[in-house]
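The values are calculated or read from the model by the stated rules, or taken from the named source; none is laboratory data. Quick caveat, the model's predicted, so the values are computed rather than measured. Cβ sites come from the backbone with ideal geometry, for glycine too, and all protein chains shown count toward neighbours.
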Amino acid sequence: MGTGHRSLSDNTHSGNAVGSDVRAAREFDAPSIAGLHVRSFQSAYSGLIPENRLRSLDVSARRSIWADRIAGAPDLARHILVTEVAERLVAFIYYGPSPDADEDSAEVGHVFSVHVDPAVTGRGIGTNLLAHAVKSMAQTGLTEATLWVVDVNPAARRFYERLGWRRDGARRREHLGLEGEPGPEFDVETVRYRLHFGVPW
């Protein structure tokens, strides 16, 4: 599940984030992505996961996972984009063909996760990064995309709905946890959102 979806809280309709640069992730970005992933996860799931569990999350467990994803993304037709502000990595998005069994991966893309540094939310950075990913998917011939959002997360759902994403009726229960970390996970209800690329950005 794209656990970063709960962390998106840009209160803007703009597709441009002033002073930010979007580029493909590189191997040396893995430590920064890992640190951002943990900070964003802690902020997004405060109140859903016990605070002592959130505080115990280890950045080092994430570094090798993201290094492997960056290295292996091309073989899976997946992509990782990052946003920098003043040469500091402040957001990333991970996307590619849909892995869902009921979708045609030749036609449907999927956003696995989006994370924005809690210190810079509200500046249009998540909106801009998502727009880059949608454009990239459309350029590869995909016609629509999906993502999963925790149901009890109205802020993230409003964010996507403002940008034209709509619930498609699919629901499932998933384990909410930061992969690579030992310890308990928590069951949550998730809903799937879909965007047809004919919707203007």
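How about the range 104-143: which of its residues are small (G, A, S) and buried (at least 16 other Cβ atoms within 10 Å of the Cβ)?
G109, S113, G124, G126, A131, A133, S136, A138
Tell me the helices (runs of 4 or more DSSP H) entirely within the range 17-122 that contain at least 3 residues that are in contact with a Lys or Arg (Cβ under 6 Å, 6 or more places away or on another chain). Steps first, answer last, please.
Details: elements: 30-44, 51-55, 60-72.
Answer list for the range 17-122: 30-44.
So is T127 in contact with a Gly (Cβ under 7 Å, 6 or more places away or on another chain) and of a type in the set (S, T, N, Q) or not?
Yes; evaluated as a whole, the condition is true for this residue.
Given the conditions (1) at pLDDT below 95; (2) among the β-branched types (V, I, T); (3) under 22 Å from I33 (Cβ atoms), which single one is not true for T140?
Every listed condition holds for T140 apart from (3).
Can you tell me which residue among A156, A131 is at pLDDT below 95 and either assigned to a helix (DSSP H, G or I) or closer than 15 Å to Y95 by Cα (or both)?
Only one candidate passes the filter, namely A156.
Cβ-Cβ below 7 Å, separation at least six or inter-chain, first residue in the range 144-168 and aliphatic (A, V, I, L, M) and surrounded by fewer than 20 Cβ atoms within 10 Å (Cβ to Cβ), second assigned to a strand (DSSP E or B) and at pLDDT below 95: which pairs?
none
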